[in-house]
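Please treat every number below as a calculation from the coordinates, not as lab data. As the structure is a prediction and not an experimental result, all values here were calculated from the model. All Cβ positions, glycine included, derive from the backbone under ideal geometry; neighbour counts span all protein chains shown.
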Amino acid sequence: MRKLIANTGLVISSDTGSTIILKWQEPKRVSATTAAPLSAAKSVTSTAAVQPVAEAAALEPPLEDIVVLGSRIRGAAPVGSTVLDLDRADIEELPAVTTGDIIQTMPSVINLGNSESSRAAGGGGNFTFAQGINIHGVGNGATLMLIDGRRVVPQGTIGSINDSSLIPANALERVEIVPDGASALYGSDAMAGVANLVIRRDYDGLELTGRQGFADDYSETQLGASFGADWSSGKFGLVYNYSYHTDLNASDRGYATADLSGRGGDDYRGSQCSPPTLVAGGVTYALPSGGLNEANAGDLVAGSINSCDIYANADLIPEVERHNVVATFDQDITDTLSVAATGFYAKRSVYMTAGLTTATFTVPDTNAYYVSSISGPQTIQYAFADMATNDTDASNEFYQGTVEADWVLPFDWRINGAFTYGYSEDARAITRGLYNSAFTAALASSDPATAFNPYGGANDPALLDSLAQSVGGYFTGDSKQWVVDLGADGPLFDLPGGTVRLAAGYQHLNVRSRIFVRIGTNDSYFISTAADHTRKVDSGYAELLVPIFGPGNAIPGFQRLDLNIAGRFDSYNDSGSTTNPKIGVTWEPVSGLSLHGSYGKSFRAPNIASASRQAACRWGSSSIR
């Protein structure tokens, strides 16, 4: 290996016998306590614990171990758990437009849960069709998403989800997934696992990217630009990405139908139709095209039903447009102090065509079109084919920034401090719903000029427009979050199997989420503050890595045996406190075979909507913004 990497700038940092860790060495000599400049940090890390070697210490390079997801100890991979990852080369080879598309190719990600084709369980908060991450198929709420190891301000109207496509593919260095509970290190939500989006920080000049994808009646477009530069003590990078895809309508796919009888399945079409189905005296009648009246009432066939697919022209995938910006900055202040800053901005716009509006109602005998020759109550199962569909028009705007400092101490200890602030706002408008009070009045009207014809006959377009005025689906929600992180890690003492290492830290999280609902019609409505809640969390964690067997004391059957003990305490101002431990073991009985096992407790705190109390309503006649 030494001959292979000779004159490349790489040195061997650790050699466990089965795993070799390489690091970048700049061509200069410094004192033993010199910090690794962030601009030069390079590392290749595996699933083995990191152990110091005399050769690297003698060369005294300015090196830095990276922190791999699943462990707070620099240079150490998780013990008892595996790390699944895609690096930059993998990402560039994938024919994926968004980060969500990339993550969906990884093992253990059963599906995206919340996605562009399904808002999933609890989807009422995902009106902008964010692409969540769903490890093991447990649900998005059981997977914690991080960006560069930092928590992300929650998105969604009720602040309950994270969108993996906040970071564009051309700004990703790698994606890491630990498909194991990790609340002992990361706190709430890390029940099924943790996903970490690592930002790319090395750019050389200007890069332009573009991708175009086509399918029948569907297309995707991605355009990106990145620019960066470095100097002796730092670097910066700037990335912009634009992506767009058309909607995919059910009418463009023959299999997207409620009637599956032609494909060996059942017919799931309903009886709410245009023309509608009449129920009188417990008997159904399919009303004729053109509508029912006194003249053709005798032609009705008892037991007949009009069957319709009200989603035949609805979107399977909405039209989505995204704009993403990522900026990074790294600077060495001294040999032992480095600072970094990272900022993100994302805007997503969504439009989705809905199915037909439907209703089941009884026709009053005062209706101008009432057919009196049919005895008994007349119930109509109706689909408003000539009324504007109640489509979704939604958007999300997000930004987040982190500033951090890294200080190298004597004896290979390191302190890191960071401050993160983020903001997210979702808005969703569904303003063409059936206005029930106006519809009831039109149904009862005896004036043909204002009455609604419930029997499938023609209705005045102006009348239909006046009935499609409900704005009960106008929601907005925003979240503001700031987080303070303080952490330290380093070696404690040596054992025959390697160096015992410790990491410990403190985190304070403050997040405020608000939910607004506009109820009424387009002309007259009121705004309700459905929730306004602030959550504060104080947390402390510790992690201990104990290499029991390693290259220095390996015996047959125990080439390597690592023990990891971790624990975290979280105190919430609104839902109590919790302590969550985890113990992990990695055993390598023979070279090339590693066995992992762990025991731990994980939890998910109630989302903001569940923890808040409804606020008083306030009346108004202006925009919700």
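Let me know the shape class of the stretch 152-250, please: from the alpha-carbon gyration tensor, a ≥ b ≥ c as square roots of the eigenvalues, rounded when a/c is under 1.5, otherwise prolate if a/b is greater than b/c, or oblate. Verdict is oblate for the stretch 152-250.
All other residues whose Cβ lies under 12 angstrom from that of Val484 are scored, Lys and Arg at +1 and Asp and Glu at -1, for a net of 0. Hey, rough spin-label estimate for Ile583 and Ser233, points 7 angstrom out along Cα→Cβ, what's it come to in nanometres? Taking the simple label geometry, Ile583 and Ser233 are separated by 4.9 nm. Within straight-line reach of Lys235, meaning a Cα separation under 13 Å, sit the following aspartates and glutamates at least 8 residues removed in sequence or on another chain: Asp202, Asp204, Asp330, Asp332. Multiplying the residue separation of His323 and Phe558 by 0.36 nm and subtracting their alpha-carbon distance yields 79.4 nm. Treating r as the C-beta distance of Tyr242 and Asp204 and R0 as 25 Å, the FRET efficiency rounds to 0.65.
So for each of 161-169, 302-310 I average, over its residues, the number of other beta carbons within 10 Å; can you give me the resulting order with the highest mean first?
Highest-to-lowest ranking by the protection proxy: 161-169, 302-310.
Provide the gained length on full extension for the span Asp217 to Ser304, in nm with one decimal, where the gain is 0.36 nm per separating residue minus the Cα-Cα distance.
Additional length available on full extension: 27.7 nm.
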